[in-house]
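Let me begin by presenting the structure, written as structure tokens, before commenting on it.
Only the coordinates and a few stated rules stand behind these numbers; no lab work does. Given the structure is predicted, the values throughout are model-derived calculations rather than measurements. No Cβ is skipped: glycine too gets one built from the backbone with ideal geometry, and neighbour counts run over all protein chains shown.
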Amino acid sequence: MRELESVLRRIDGRGYKAYREIERRRFRFPAFELVVDHVQGDPFAAPSRARVRVSAGEVRLPRSATASPARRRAARDFLARVFATAVRDHRDLAIDAGGQTVLDRSACLIAPDGAVELRFTVGLPAAGRRILGRKAWELLGSVLPRAVEAVTARRLDLDALERHCAAVEDQTDLREQLAARGLVAFVGDGSVLPRRSGVDDRPLEGAVPFGSPPSLRVELEAPNAGPVTGMGIPHGITLVVGGGFHGKSTLLRAIETGVYDHVPGDGRERVVTDPAAVKNRAEDGRAVTAVDISPFIGELPHGRSTHAFTTDLASGSTSQAAALVEALESGARTLLLDEDTSATNFMIRDERMQALVEKAKEPITPFVDRIRELRDRLGVSTVLVMGGSGDYLDHADTVIQMDAYRPVDVTERAHEIARTHPTGRREEHGAELEPPRPRTLDPRSIRPERKPGRIAVKASLEHLLLGRSDIDLRAIEQLADRSQVRAIGWILVHLARSRDARIEPLPVIHDILAGLERGEWDGLTGHPDGDLALPRAAEVMAVLNRLRGVRFSRG
Ligand code: ADP
Ligand code: MG
């Protein structure tokens, strides 16, 4: 610590490069060790990366905080948030502590011996390009120790820590109970589903709390909270109907994000979803590579085959068909669709249109004619928001009507109406639906380098810049966090480095994700990195599938 102080005093006023003197050295403070892993090249570059290691004796986490993998993840998340709060007023210190979801992330790690490592960034202070050594010492010598103090036994709020761990463990456990109960999702009574705005993910104040309809009410047992009741959405085909503005999309959105755990107070702590649930939507303009969309879209005009469909500019319907096949390929067991983001001609083709445009001239087999096969042949459930077409009533196992934000079970009436108001449309099947055969990837078609030897991974929730490619992520709606996107970027770097001429990407991705779950974060970027969060394999594949110029072939 004294050494750090004397270096910073000595280089005060010198050129910025002199900060390099503190790089990769270990400085011992009374309560922790500090390592500055990377010093930024100049005051305007991305901030420097540093770590503190706080010994087990200083933190003294209660045993309950690490008693299960879910609790351990929650405890790490909690400590990162405590540190984030402690440095909130200091622009130059930042930690990647996450938003409303509790993800497995690299900002805080707990060593086997109980020591806690916090990874953060620090903007090393300068005036122009001159080092402000005294200010740097103020930052690292007093502000930092006070922030670290917040995660030690002297300051930690153990009740809040326990609430955090219990809430996360409950969500993980409830999610694991779904399959055995024959459910694809559970929405707990009292949940608050709507968000403040499209850019503010916190719960809407004054919202109507969720209440389950009696016929769909189930009771699950949470390990900490005990019995919880809510609406169980069963396997099979579930339709969410209702008038516009009655809360249909809000319910589906909550189900989409139910694959993740949420922080206490989020309102969605009792909303859990099949971890293999994937949102399916249209995204015209995207690239598609060698996807067999023939179950949904047959021969295109001029005899173009769709068994390995490739385009730089997909239409609404082809993009949605491709995304659906890609989701199945990546292991989706539940599909989530909203009419708001679906292509009409992909979803429906009604009696009159069947009469006007003969089947031979319509390549599309609408989703309505495949939804039962998905359930019966592939065991894939669907939750579909559809207020605009009754053609789906014939196929739905469960029909939920949203009425002023309250769900009503209208299954019986819907079946009655399906019987008494036949649609008169014919089912339009081609060949029977088969599970998609996995494609193989040419790893060299991923080019993560901007210049030779210079890997470039730059992430936001909307875009991934990988090498010279810009991948549009806005339609990958189950990405929760920018740091997941960064991790995905680095996973693609690993795929690119494969020495095989052809690989099947999904098993490799699962291997890498399993390593991250074991805590092997540093292997991903090659250096200690605090800005990574665990994605799902489905989102990694979704990003890879949108990379322009990627080469897949049908295996
Ligand atoms: P729909 O898909 O049925 O048209 P939305 O889900 O888009 O309806 O919801 C319409 C509006 O109602 C949104 O602004 C949403 O935030 C709000 N909303 C949804 N659920 C609730 C609720 N439980 N309480 C209060 N407002 C809600
Ligand atoms: Mg809607």
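Neighbour counting of Cβ atoms within 10 Å sorts the residues Asp500, Asp409, fewest neighbours leading, into Asp500, Asp409. Taking the number of Cβ atoms within 10 Å of each Cβ as an exposure proxy, the fewest-first ranking of Glu205, Glu169 is Glu205, Glu169.
Return, ordered by residue number, the residues of the range 122-156 whose backbone nitrogen is under 18 Å from a label point located 7 Å along Cα→Cβ of Ser6. Counting backbone N atoms under 18 Å from the label point, the list is 133-134, 137-138, 141. Listed peptides 184-194, 439-449, 412-422 appear in the order 184-194, 439-449, 412-422 once ranked by packing, highest mean of other Cβ atoms within 10 Å at the front. Using the rule -39500 (n - 2.57) for each DSSP H run of four or more residues, divided by the residues of the chain, the 222 nm mean residue ellipticity is -8000 deg cm²/dmol.
Dipole magnitude for the range 2-156: computed about the Cα centre from +1 point charges on Lys and Arg Cβ and -1 point charges on Asp and Glu Cβ, it is near 100 debye. Helix 505-517 and the longest principal axis of the C-alpha atoms of the chain enclose an angle of approximately 40°. Over what distance in Å are the Cα centres of the range 24-95 and the range 246-282 separated? Centre-to-centre distance over Cα atoms comes out at 30 Å. Computed on the range 277-420, with alpha-carbon pairs under 8 angstrom and 6+ residues apart, the relative contact order is 23 percent. Across the range 348-477 the C-alpha pair distances fall into 5 Å bins from zero in the proportions 2, 8, 12, 13, 13, 11, 10, 10, 9, 7, 4, 2, 1, 0 percent. With the cut-off at 1.5 for a/c, could you classify the range 1-69 from its C-alpha gyration tensor as rounded, prolate or oblate? Note, shape of the range 1-69 comes out oblate.
For the chain, what Kirkwood radius comes out of the mean inverse Cα-Cα distance, in Å? Walk me through the intermediate numbers first.
Values: mean 1/r = 0.0391 Å⁻¹.
Across the chain, the inverse of the average 1/r is 25.5 Å.
Once a ≥ b ≥ c are taken as the square roots of the eigenvalues of the Cα gyration tensor of the range 437-492, is the result rounded (a/c under 1.5), prolate (a/b larger than b/c) or oblate (a/b not larger than b/c)?
Numbers: a/c = 2.11, a/b = 1.16, b/c = 1.83.
Here the range 437-492 falls in the oblate category.
Net charge of the neighbourhood of Gly98, taken over other residues with C-beta under 14 Å away and scored Lys/Arg +1, Asp/Glu -1, is 0.
For a modelled paramagnetic label at Asp284, 7 Å from Cα along Cα-to-Cβ, the residues of the range 313-336 in reach, with backbone nitrogen under 17 Å, are 313-323. Applying 1/(1 + (r/R0)^6) with r as the Cβ-Cβ distance of Thr310 and Asp472 and R0 = 25 angstrom yields a FRET efficiency of 0.90.
Label-to-label distance for Ala456 and Glu427 is 5.1 nm, based on points extended 7 Å past Cα in the beta-carbon direction.
Peptides 481-488, 64-71, 176-183, 533-540 ranked from most to least packed by the mean count of surrounding Cβ atoms within 10 Å: 481-488, 533-540, 64-71, 176-183. Computed over the range 2-156, relative contact order equals 30 percent, with contacts defined as Cα pairs under 8 Å that lie 6+ residues apart.
In summary, the convex hull built on the alpha carbon positions of the range 439-554 has an orientation-averaged projected area of 6.7 nm².
Taking all pairs of different Cα atoms in the range 2-156, averaging 1/r and flipping that mean, what Kirkwood radius in angstroms comes out? Please list the in-between numbers first.
Details: mean 1/r = 0.0625 Å⁻¹.
Across the range 2-156, the inverse of the average 1/r is 16.0 Å.
For the range 371-386 versus the range 308-335, the spacing of their alpha-carbon centroids is 15 Å. For the pair Ser553 and Thr85, label points projected 7 Å from Cα toward Cβ lie 5.7 nm apart. The distance separating the Cα centre of the range 206-243 from that of the range 497-529 comes to 37 Å.
Please say if the range 144-201 is rounded, prolate or oblate, where rounded means a/c under 1.5 for a ≥ b ≥ c the square roots of the C-alpha gyration tensor eigenvalues, and otherwise the choice is prolate for a/b larger than b/c and oblate otherwise?
On the way: a/c = 3.40, a/b = 1.72, b/c = 1.98.
Oblate shape, in that a/c is at least 1.5 and b/c is the bigger or equal ratio.
The Cβ shell under 11 Å around Glu504 holds other residues with a net charge of +1, Lys and Arg each +1, Asp and Glu each -1.
Each other residue within a Cβ distance under 13 Å of Arg548 adds +1 if Lys or Arg and -1 if Asp or Glu, for a net charge of +2. Using only side-chain charges placed at the Cβ, +1 for Lys and Arg and -1 for Asp and Glu, the dipole size of the chain relative to its Cα centre rounds to 2680 debye.
Compute the convex hull volume of the Cα atoms of the range 277-420, divide it by the residue count, and report the result per residue in Å³ as a whole number. Walk me through the numbers on the way to the answer.
On the way: hull volume 18.0 nm³, N = 144.
Considering the Cα atoms of the range 277-420, their hull volume per residue is 125 Å³.
Each Cα pair under 8 Å and six or more residues apart adds its sequence gap; the mean of these over the residue count of the chain is a relative contact order of 13 percent.
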